[in-house]
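Here's the structure we're looking at; comments come further down.
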Amino acid sequence: MDIDLIFRIAAIGILVSVLNSLLTKSGRDEQAMMTTLAGLVVVLLMVVKEIAKLFDTIKALFKF
Amino acid sequence: MDIIQIGVLGIVSAILILIIKANRPEIGLQISLAFGAIVMVSLAGKIGSILDLIDLYMTRANIDGIYIKSLIKIIGMAYITEFAAETCRDASQNAIAAKVELAGKILIMITAIPIITSVMSVILNML
């Protein structure tokens with residue numbers, strides 16, 4: 001039961017938003033954009049893996 | 001994974017989403033997706049036992065196997081369609097949600113064709 005997945009995603013989200021505002025304040029906007037995209041990709045990979053596991057379970061359960 | 005855990009986890013992830021939605025709305029949506037996936041994967045065992053119960057009593061009432069199979073398949077398709085459509089609505093994409101639901105209805109109709117044809121043939125014979 002990977003409840004910590006949700007907390008990991010939340011931590012990444014908070015980290016990315018803090019980094020983003022930090023970088024934009026210090027004038028480096030393109031790096032801020034890069035960190036945002038990097039955080040988004042990491043979170044997306046984790047969520048897609050979880051969704052794939054869900055759909056495989058459903059396919060096995062409902063005998064698709 | 002009883003109902004208390006699921007309830008608390010739901011409330012906690014809702015709060016987390018509120019925190020993150022302010023400046024990173026896309027990651028907020030992904031938290032709700034992750035929550036939905038985790039809860040449903042943990043409930044898989046219980047759904048399996050319910051479906052086995054349905055199977056058992058359907059075969060005991062010697063209803064034809066093809067109907068049970070497509071019925072259970074339709075339930076699964078309906079659930080996946082609802083999961084995707086509600087997620088799209090969460091992201092305030094109502095048009096996409098409507099399209100997903102339309103596609104789900106059409107595919108369910110296709111799966112239900114054998115049931116429909118047998119019902120129609122019974123009715124036509126009666127007339």
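What follows is calculated from the coordinates using simple rules that are stated; it is not laboratory data. Given the structure is predicted, the values throughout are model-derived calculations rather than measurements. Cβ coordinates were reconstructed from backbone atoms using ideal geometry, including for glycine residues, and neighbour counts include every protein chain displayed.
Evaluate the following for B:Thr81: is it buried (at least 18 other Cβ atoms within 10 Å of the Cβ), closer than 15 Å to A:Phe64 by Cα and not aromatic (Phe, Trp, Tyr)? Taking the combined requirement at face value, the residue satisfies it.
Kindly indicate whether A:Ala38 is more than 7 Å from every other protein chain (Cβ to nearest Cβ), assigned to a helix (DSSP H, G or I) and loosely packed, with under 13 Cβ neighbours inside 10 Å. Steps first, answer last, please.
On the way: more than 7 Å from every other protein chain (Cβ to nearest Cβ): yes; assigned to a helix (DSSP H, G or I): yes; loosely packed, with under 13 Cβ neighbours inside 10 Å: no.
In short, no.
How many residues are within 28 Å of B:Ile108 (Cβ to Cβ) and in contact with a helix residue (DSSP H, G or I) (Cβ under 7 Å, 6 or more places away or on another chain) when one looks only at the stretch A:28-54? Qualifying residue count for the region: 5.
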